Structures are given as C-alpha cells and as structure tokens.
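Read through the structure below, which is laid out as structure tokens, and then see the notes.
The values are calculated or read from the model by the stated rules, or taken from the named source; none is laboratory data. Source: prediction; values computed, not measured. Glycine gets a Cβ as well: all are built from the backbone with ideal geometry, and neighbour counts include every protein chain shown.
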C-alpha cells in the first residue's frame, strides 16, 4: 500500500461553489492508504504546488492524487511539481472534479458525492501506480508544410529563416493558393498579387526551402520528432531542369477548351498550362486527362515547339521519402458548392456568381481583363446585388453553422471598388449582420456606406428569379422598414460560405490529427494552444483550423512556425513511458499482439526463462518502447494476459471500476 | 451507498472515454456547462481499444447498471485503428451480454470527437434515461459485492 496524499483544489469558486471540498478531504482521510489530505484555493499556484511538495517530503508520500481540473489541463504541472520534491512524476493521478463534476452539476450534495467517488477511483488507481521513466527520442531537424498558400508560405519562410530546412508540398502546379486569385485585399486595398508574389519568390529562392508542387502527401508514419513521409510528385510531363518557362507550348497547344481552375471555370486553359502568369515554379504541367497526345497518341505539338526539349511524355510519378521532425498543416479552404441553394439561381443564370468569381472578374489578369461585365452578354451591369451569408450561419444542415468571417469585409471591399471605378453602378447588399471586428475594419465598412453610398439592407433574400429580358428579379425583405423588396438586378453576387479543403480529412487521418464535424482541424486547446494539434508534432496554420482573413492567417502562420522551431531546436524529446510491457512468464509467443499493433512495435525473441524452477527457452513478445505509442490494443487481444499497459494497467483500471461501482 | 426502495433510482454508470477525443469532448461539455446526470462517472483510457471486455464484465459484476464506451469517430483514431478493434470487440461482447440477460440498452458504444461537447452531454442524458427506464441491473451483479 502506498502512502497517499490527496489535494483538493477549490479553483476559486469553480469547484468550491458546487463541491463541498472539506467533505472531500474528510472522506479522503477515511480511505485506506491516505495519510494526508488538504484543500487549497488554487492548487496549481506556486503556493499550492509547494503544499504538495512539502507534504511529499514531510509525510514521505509514495502517491499523490490531485482533485482539480482536467488532467489535459494541469497533469504536467502537478507531475513536474512532484518530481521537484523527489517523487516519480508518474505517481501522480488527477481526479477531474471540475469539467466532469462541478461545472456540470448544480446540486451540492450530488456533486460532492460524485467528487468523492472520483477521488476514490483516483486513490485506488494511484495505489497501483509504479514509477515510470520517460525514454528519449531524437529530433529530425526538418519541417514539412502541407499546402503552399499564404499560410504555408509564411510558415515555411519563418522556419527557414530560423535556419531549419523546410519542404512545402503543394497539390496544384503552383504555390500561391487562394490569395493569388484575389484582386485587392481589405482593409487597405493593396493589390493581392503585389504583396503575395514577392513572398512566393522568397520561398522559391530560399536556400532552406524545397518546393514540391503538383505533389501530394501519400503516407505518414512515425511520431513527433521522427515522422517519415512519402510524397507523391505527380508526373508533370515537363522536365523542370530544362524548361525555360517561355510559354510557347501553351500558345501552340491545340486543346484549348478546358475550364481554368484558377479562373473558377470562367475562362479556358490549354492542356499544357501554368495556372497563372506569376506561377512559381514557372514550369507548365500537362493535364493528361485532357491532352490529345495522352488520349489518342497523336499530336505532340508541345514537344515539337519546345526548343529546350523539356517535354517528357514518359515521365512517371515519383515517390519521395523524407524524414521530418515537425509537420505543419496549411491546407486552406474552398467555397461551398451551391447546389443546395438553388433559390439564388446560381445554376440557372451566368449572371449569378460567387464572390471569388467576382474577384477573378475584377482582376486585370482575369477572364474579362478586369472589366466588370455580365458573363451572359458581356454588357456592363448597372444594378448589382450582393447576398451575404449564403450557407454561413445556417440553422439547418444545408449549409454551415459557423460564420465564414471574411465575407462581410470582402463584400464591403467589392462594393467600394465597384463604386469607385463605376460610379453609375448601384450596389445593394442584403445582410443579416455586418461583422467587422478587426483593426480598421469597421472604418472600412463605414467608408463603403458613407463615402461610396453603398446601399445596405438588413434582411435576407428569399429568391432570385431570372427574367426573360435577362435581368434578375431579387425578392428580399427589409427587416428595419419591415417591408418586402423586389429589385431588378443585372448581376447577383453570392457570398458563399467557406469550408476547409475537402482533402483535409484524408490528411488528418494520415497524421492522426483530430478534426471536427465541419472538417476544421482541432487545436490542442482553444485558447492556450491554438496552433497545435492534440497530436504532438503537428501544427496548424491558416483556415484549416477555422475561418480567417489574411492578416490573421499570416499571424497564425508565424505562430505555427515558432512552435515548430521550438520543437526542431531540441536535440532529444522525452517519450511517453506509458507503453505496453510483456510479462515473459505469461507470454506464449502466439503473435496476436503483433497483428493488432499499428506501429509494428512488437517483435518476438527466443529467451531463456525461469518459470518457477523450470528453465527453458521460449518464444516471447518484446515491445520496442521507442515505437510503442501506448494505445493498448495489444493488451486486450492477448489471450494469456501477458501484455499490460504501464500507467493504464489492467489492475489499475479494474481498481477504478471497483471504486466507482462501490 | 446502497439504494433503498423508497429513494429515486440512481443508476451507477461507468463511461470509458478515450483520451484524445471523447475525454476531451467530456471536458468541452464541462467547460461549456452542458449538464448531464451525476450518475455518469468517467474513466480515462488512452484509446477505446484499451477497454478490455473484462472491465465491463467487472463493472456489471460490481453492480453497475450501465456501461458506455466512447471513442474517436471511425477513421479519426489517434492510434489509426484502435476504435475499429473496440467496435468489433464490443459488438461481440454486447451480443453475449444480451444473451445472458444484460439488455443491449445497458451497453453502448458512441463516437464523440473533441469538438462534440453537446453530443457528449446529450448522449449521456439519453443513456441515463434509458438505464433509469430499465431499472436496476440484477443479472450479473455479484451479491457478495453489495454492501
């Protein structure tokens, strides 16, 4: 039996208001093995930690139970405190009486009873704890950034500047991401390419950065500090070392009718293409699905016109295997599909467009060379209606429950730019709320209203009806004047909700990173660890974590870089000592455990054992501590009960069950 | 803490929660103040695949009225495949328990992610209601364990 100390935290009134902490202390002292129990206002404070340390020294405690907040919050704090007082840190257990008790129950009697039971379970467990020692693993000093948009570029630049090599894996043929598609950026109206292109050039020229464009992450194994990643470099069909980027192949390519992804399908591209003029690298790819040469075997025009001899129809996908210490996810976003919102006639009229399509139309390099015109007849619109929150803040499951955050601001920007360039165009915005928190954001929106005379109407649009004369009839409501509105528009722009890149779920699964129901990656702590995934060594940058504008994305990208640098700067990491352990007297070498182990951590060896006087050589399971991550799959599958998990042993968990069911 | 006939029936419910998703989901339910009955007591395990059917049998033997196992959603397991093992094991165990008289309603597997505090809370409320309607577990309880 251990000599156990129980420490009950008030957490101010967070716990003490609902749980009678004195009663918990009193009940703790009645538990067998408990030689010390006390309560204090804030156990995590310096004074609180000292109380624990003094008790360990004075009462010679062998086990400590802290009844406080979630172990996900302060387990490490209390373990470190115990270690400073000479107790093995793994002799500390937490009874979660805040998140799992005081915060969800109102009745003091009921909550106190539950807190006592949780305390008993922790005491029963700690009684069976054994001192554990963390091992060490090495750190590969190289980072991987998945996604080459502004988030990925900024993270990579920051890590590279700190002196560590970084690889960027980008799915499309060029880095740049969504930001490269934008025309101007709020709230300063800088030209997007003007501020992005230098960063793209910096990233491609930086000696510490390697770009893998037109590439995808195929497989991830390993763990923090030592990930092994397979990157599929898709066949470009163009030799990057020979191509000069002259562009003749694109001019001559006869297959010219492929919708351009970069221009959101508003213009066409050729089968051999670079997505946009400032693409980095400026090396085209052949879209094999649409290339005549690949479809019919005849053509080969690009190869004939290429003076550098860079075209290589026989190029194959290449798998690059590299080791990384840290991985940053920066997979960004896309706009939702609008098929569930057909009341806005997006599929029925070419003049109903999304904001991102408007962005391309207003861009000088876009499908209309920057002229604002209707896509149906090329005429200049006189009346434009913007509809906000299309699929955002949606109560039903047609759309997204969250606010996409950027739409209010970019719509104010669009409205302002249109009124500035075409003062005779009327602009109306239908909105639910205008949300402008951010530096200089509200001032920006007010300029749109006050200086540029944009007509904001609070209310939602019910229906957009294409008219025989080519106009669009917008039926909406004005909630302030409480009246129906019918408006004829030449163009309707939908602020469609943004959603994480659809590929992110696949990537999250490979990385074993948590992801929420909206496909946003979950952070380790919503407030205190916003750029880290709960999975160690995985960091989050940009919209993959939640909706963000460019300034926020860049700050978060820097924060993710700092966290990655902090990891790469270490030579060694302490590993989790809660690993599986095989009892050599019970193991019969049946291999069941090795079959279920996701990490290949279990091997077998012939070992001389002494089983109660019988000496013989047996085949027994051996766990490699460096590979074992401590899931415990093997412990349940083991028919002889030889496998057990340190820190969560069969006896420990049963003791908890017993204490709860008492 | 024995249950007397006159008192309202307060079931004993053990919830096994995996450390990465469901335990965090329970924490989120707590910090969001999403109440559920105090009858539920949570045991933290690294992964749902750590839960040995023996623990569940033990719980029923010791007088638990219901056992719920929560893990990451299929495909999202921190250890890649642990919840698939748990799902198979529990399917088998629960059908055996049902056969010997511990109704299927007393056992449940639920996937709760770290972001699903609401789901955790509603699941627990539903489960407790179900157990209350089923009444006390008498089939597997070892009467020697009663005090």
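Observations, loosely collected:
- Some residue of the range A:501-509 being within 12 Å of chain B (Cβ to nearest Cβ) and modelled with pLDDT under 90: yes
- Residue check, residue A:495 in contact with a helix residue (DSSP H, G or I) (Cβ under 6 Å, 6 or more places away or on another chain) and more than 25 Å from residue B:28 (Cβ to Cβ): yes
- Any hit, the range B:76-90, residues being in contact with a helix residue (DSSP H, G or I) (Cβ under 6 Å, 6 or more places away or on another chain), more than 11 Å from chain A (Cβ to nearest Cβ) and assigned to a helix (DSSP H, G or I): no
- Scanning the range A:570-610 for residues that are over 18 Å from residue A:132 (Cα atoms) and out of contact with any strand residue (DSSP E or B) (no Cβ under 8 Å at 6 or more places or on another chain) yields a total of 11.
- The range A:623-662 - residue that is facing chain B (nearest Cβ under 7 Å), in a loop (DSSP other than H, G, I, E, B) and in contact with a strand residue (DSSP E or B) (Cβ under 8 Å, 6 or more places away or on another chain) and, of those, surrounded by the most Cβ atoms within 10 Å (Cβ to Cβ): A:632
- Scanning the range A:532-561 for residues that are farther than 19 Å from residue A:180 by Cα and either within 14 Å of chain B (Cβ to nearest Cβ) or not in a helix (DSSP H, G or I) (or both) yields A:532, A:533, A:534, A:535, A:536, A:537, A:538, A:539, A:540, A:545, A:546.
- Residues being more than 23 Å from residue A:511 (Cβ to Cβ) and either in a loop (DSSP other than H, G, I, E, B) or touching a residue at least 60 places away in the same chain (Cβ under 8 Å) (or both) - total across the range A:578-600: 11
- Tally, over the range B:52-71, of residues that are more than 7 Å from chain A (Cβ to nearest Cβ) and either assigned to a strand (DSSP E or B) or in contact with a strand residue (DSSP E or B) (Cβ under 6 Å, 6 or more places away or on another chain) (or both): 7
- Taken over the range B:4-25, the criterion of being assigned to a loop (DSSP other than H, G, I, E, B) and either within 17 Å of residue A:95 (Cβ to Cβ) or more than 7 Å from chain A (Cβ to nearest Cβ) (or both) is satisfied by B:4, B:5, B:6, B:7, B:8, B:9, B:10, B:11, B:19.
- Only one of A:326, A:395, A:364 that is in the same structural domain as residue A:560 (by TED's automatic domain parsing) and at negative phi: A:326
- Scanning the range A:229-264 for residues that are in a strand (DSSP E or B) and closer than 15 Å to residue A:168 by Cα returns A:229, A:230, A:231, A:232, A:233.
- Within the range A:265-281, tally of residues that are free of Cβ contacts under 8 Å to residues at least 60 places away in the same chain, surrounded by 15 or more Cβ atoms within 10 Å (Cβ to Cβ) and part of a loop (DSSP other than H, G, I, E, B): 2
- Some residue of the range A:540-551 being surrounded by fewer than 22 Cβ atoms within 10 Å (Cβ to Cβ), touching a residue at least 40 places away in the same chain (Cβ under 8 Å) and under 30 Å from residue A:620 (Cβ atoms): no
- Selection count where residues are surrounded by 18 or more Cβ atoms within 10 Å (Cβ to Cβ) and more than 26 Å from residue A:286 (Cβ to Cβ), scope the range A:146-164: 10
- Applying the criterion of being crowded, with 22+ Cβ neighbours inside 10 Å and touching a helix residue (DSSP H, G or I) at 6+ places or on another chain (Cβ under 7 Å) to the residues of the range B:112-136, the residue that is nearest to residue B:8 (Cα to Cα) is B:131.
- Of the residues making up the range A:382-417, those that are over 16 Å from residue A:519 (Cβ atoms), outside any helix (DSSP H, G or I) and touching a helix residue (DSSP H, G or I) at 6+ places or on another chain (Cβ under 8 Å) number 6.
- The set of residues in the range A:515-531 that are closer than 18 Å to residue A:564 by Cα, within 13 Å of chain B (Cβ to nearest Cβ), free of Cβ contacts under 8 Å to residues at least 60 places away in the same chain and buried (at least 16 other Cβ atoms within 10 Å of the Cβ) comprises A:522, A:523, A:524.
- Just so you know, in the range B:96-106 the residues that are within 27 Å of residue B:29 (Cα to Cα) and surrounded by fewer than 21 Cβ atoms within 10 Å (Cβ to Cβ) include one that is farthest from the other protein chains (Cβ to nearest Cβ), and it is B:104.
- Candidates are the residues of the range A:38-62 that are in a loop (DSSP other than H, G, I, E, B) and touching a strand residue (DSSP E or B) at 6+ places or on another chain (Cβ under 6 Å); the one that is nearest to residue A:11 (Cα to Cα) is A:43.
- Of B:93, B:28, B:34, all but one fail to be in contact with a helix residue (DSSP H, G or I) (Cβ under 6 Å, 6 or more places away or on another chain) and more than 9 Å from every other protein chain (Cβ to nearest Cβ); the exception is B:93.
- Qualifying residue in the range A:614-622 (condition: surrounded by 13 or more Cβ atoms within 10 Å (Cβ to Cβ) and closer than 30 Å to residue A:511 by Cβ): yes
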